[in-house]
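The values are calculated or read from the model by the stated rules, or taken from the named source; none is laboratory data. The structure displayed is predicted, hence computed values, not measured ones. Backbone-built Cβ (ideal geometry, glycine too); neighbour counts: all protein chains shown. For the accessible areas, the whole protein counts, side chains as well, though only heavy atoms, and no ligand, DNA or RNA atoms are used. Shrake-Rupley method; radii C 1.70, N 1.55, O 1.52, S 1.80 Å.
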Amino acid sequence: MWQTYGQALFYALAFSGVAFGIAKLVVIVGERMIEQKHGSLGIRDMLVRRARLEQGLEARREERRKEIKAVHDATSEVVHRRGQLDRRVSDLLRGGERVVHLIGEEVKGLHCFHAQVLNKYVGSTAQTQHAFIDARWAQPQDMEVWAPALADARKMIEAHYPPAFGYRVVSLFEVGGPAAGEGKAA
């Protein structure tokens with residue numbers, strides 16, 4: 001009985017040795033064929049280049065992830081801030097307060113102009129509510145513009161509220177002379 005187990009063990013070891021030898025031979029022949037096709041140093045260089053490329057791409061991917069997260073955080077902050085400002089404006093309008101849009105700064109030598117601007121696309125008969133512009137723009141909005149001259153005031157208004165987007169200046173007139181103080185007025 002022990003003799004049978006011994007023979008089985010011997011044959012098993014012999015077969016595994018032969019299998020290992022065959023596998024090693026296949027690997028060596030395969031390496032030789034690859035080296036003949038790409039050159040003996042070509043495959044190693046190619047593997048090194050690809051490893052460096054993979055590391056570089058992984059580093060770039062990580063940088064992009066960080067950039068995307070930073071942009072997402074900044075966008076979230078802007079959306080949150082916009083929501084707060086919209087709520088404040090709504091509260092002011094519900095409370096009966098008059099909202100005046102300010103363009104420019106009260107600086108010595110600049111004139112104060114009063115303007116009213118509306119958007120022709122808001123409240124039109126084709127649609128009841130505009131997708132991007134608040135419904136209150138259907139009525140003229142009051143503006144206070146600080147500029148050197150009337151033409152400059154109109155240019156400043158059109159820079160903030162472009163006519164291409166449907167904004168239209170309904171009225172524009174000077175309400176005061178040049179500012180007297182140095183810098184901003186309190």
Handout entry: Helical segments meeting 18 Å axial Cα length and Kyte-Doolittle -0.5 threshold in the chain (DSSP H)
Key = 2-38
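Could you calculate the contour length gain from Gln116 to Thr4, that is, 0.36 nm times the residue separation minus the distance between their Cα atoms, to one decimal place in nm?
Fully extending the segment from Gln116 to Thr4 adds 29.5 nm.
Pairwise over distinct Cα atoms, reciprocal of the mean inverse distance: report the Kirkwood radius of segment 42-138 in Å, one decimal place.
When all Cα pairs of segment 42-138 are included, the Kirkwood radius is 19.4 Å.
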Practice task
Quick one: dipole size for the chain, taken about the Cα centre, charges +1 on Lys/Arg Cβ and -1 on Asp/Glu Cβ, in debye to the nearest 20.
Solution key: 820
Problem - Within the accessible area of segment 52-179 (1.4 Å probe), percent carbon and sulfur - result: 55
Problem - Compactness relative to 2.2 N^0.38 Å, alpha carbon Rg of the chain - result: 2.41
Exercise for the section: Quickly rank 133-142, 69-78 as a protection proxy: mean count of other C-beta atoms within 10 Å, highest first. Expected result: 133-142, 69-78
Problem - Helical mean residue ellipticity (222 nm; -39500 (n - 2.57) per DSSP H run of 4+; nearest 500) of the chain - result: -20000 deg cm²/dmol
Practice task
For Gly176, list long-range residues whose amide hydrogen, built 1.01 Å from N in the peptide plane, is under 5 Å from its own amide hydrogen.
Solution key: Cys112
Problem - Spacing of the two label points (7 Å from each Cα toward its C-beta) at Glu144 and Ile43, in nm - result: 8.0
Fill in the blank from the handout: Within the chain, the percent of DSSP beta bridges that are antiparallel, given to the nearest 5, stands at 75
Problem - Accessible surface of Arg32 - all protein chains present, 1.4 Å probe, nearest 10 Å² - result: 140
Exercise for the section: Show which lysines lie in cross-link reach of Lys24 when reach means a straight Cα distance below 24 angstrom and same-chain residues fewer than eight apart are skipped. Expected result: Lys37
